[in-house]
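To start, the structure itself, in structure tokens.
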Amino acid sequence: MNAFNALRLLVNPVSKSLSVGRGLSVRALSNTASRSFATAENESIKKDAQTAEGLSAAAIHSNGPARNDWTREEIQAIYDSPFLDLLFHAAKVHRANFNPREVQQATLLSIKTGGCSEDCSYCPQSSRHETEVKASKLLERDVVLDAARKAKNAGSTRFCMGAAWREVGGKKTNFNNILDYVKEIRGMGMEVCCTLGMLDEAQAKALKNAGLTAYNHNLDTSREYYSKIITTRTYDERLETIARAREAGISVCSGGIIGLGESEDDRVGLLTTLATLPAHPESVPINALLAVKGTPLENQEPVKIWDMVRMISTARIVMPKSMVRLSAGRVRFSQPEQALCFFAGANSIFTGDKLLTTPNNEFTDDQLMFQTLGLVPKPPKFEQSSCSGGCSHSDAEPKQADAAN
Ligand code: SF4
């Protein structure tokens, strides 16, 4: 018996019952089975077997309710589904949960740039890296509010403010100024989000009271790979800040970056952590590294569109009601490539010429792309809502870029 037939025998008898049950997917089982025969060369055989079966893990898991009890194996199986099958089922999930023509336009402004004490390997704003980014103080009120007005006039419904800080900590004057900016921008009828590093409970409450819609705090990568990227803040500290924002009633925006040198297993690990939080983040930014000269990751290869679409599709299936944001690195992708991302379930982008300190797509190019693809801006939404799957969601969320505060 060759490996292919042995694999089919192992997969076939159980796959029918698994299509109605929970726990292991066909792919998870085929993974388990395939490990018995594990050789690098049978990878293509596994995928053929899965296709011959007619049901990929993406197909199996695209019909159920939202859940936060995913296993890593299940998410791995979805991620490993044949590409077009994964894309198709992610698109179905997207259409079942959102108006697929609507894409949120958010604008991100760096209100305090550079000089950050953290050592995030991808970030040009870290004071530990020799980059061209110069440290500056918190932007003045008029500058920030003017930028928000311009963003609104250009069609953005969300205004995101990023500060290159490890934490808000004792920066009372700056924090009070930011609370004022939040109030004013919310008063313009925009959703407002911030990414200011770690928050304590009182700060989270103050931001909520000021009218903050969402707080961004990315996990960046898997727990296992995290220490290769950042050593000055722990994974658990990130999770604690996310929990504080959530407890204060602020929508959570949290995602990660691919292209950091991580493995596919790390990408799955990141998605597993996000998808098994007590509540899914309302927004999940998927960033593709834009390698910046002077950072430790300056020589990383650009992320391939296939990896980006696979990541977005998997996020869409396992967090069906979250906004999935095509974030940093979009500038590298052509419009047809971005179209694939939208088809896979991305429904939020940053518009504007800069993402904190890295370049972004031209506004006019984005307008043209919206016309070409029949996309329309998503209107702002301020209330929290609940999904039916035991995870609380709201349709609102926040920001990101080269800062993964
Ligand atoms: S990503 Fe954020 S926390 Fe990390 S170095 Fe850059 S600004 Fe600082």
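Extension gain Ala135-Val331, at 0.36 nm per residue separation less the Cα-Cα distance, in nm?
68.1 nm
I'd like the distance separating the alpha-carbon centroids of region 281-328 and region 225-248, in whole Å.
One Cα centre to the other: 18 Å.
Given the Cα-Cα distance of Asp307 and Asp236 and 0.36 nm per residue of separation, how much length would full extension add, in nm? Working shown, then result.
Working: separation 71, 0.36 × 71 = 25.56 nm, distance 2.67 nm.
Contour length minus the Cα-Cα distance gives 22.9 nm.
Whole-Hz ³J(HN,Hα) for each residue in region 199-210, computed from phi via Karplus 6.51 cos²θ - 1.76 cosθ + 1.60 with θ = phi - 60°, x for glycine and proline: what do you get?
With the stated coefficients, region 199-210 comes to 10, 9, 4, 5, 5, 4, 5, 5, 5, 4, 5, 6 Hz.
Would you mind checking the pairs Lys152/Lys381; Lys172/Lys205; Lys205/Lys381; Lys208/Lys321 and listing those with alpha carbons more than 18 angstrom apart?
On the way: Lys152/Lys381 14 Å; Lys172/Lys205 15 Å; Lys205/Lys381 20 Å; Lys208/Lys321 22 Å.
Exceeds cut-off: Lys205/Lys381; Lys208/Lys321.
HN-Hα J couplings of region 337-350 from phi, Karplus 6.51/-1.76/1.60, θ = phi - 60°, integer Hz, Gly and Pro as x?
Result, ordered by residue: 5, 5, 4, 4, 5, 5, 4, 6, x, 5, 9, 7, 9, 9 Hz.
No value in this document is a laboratory result; all are computed from the given coordinates. Note that the structure is predicted; figures quoted are calculated from it, not measured.
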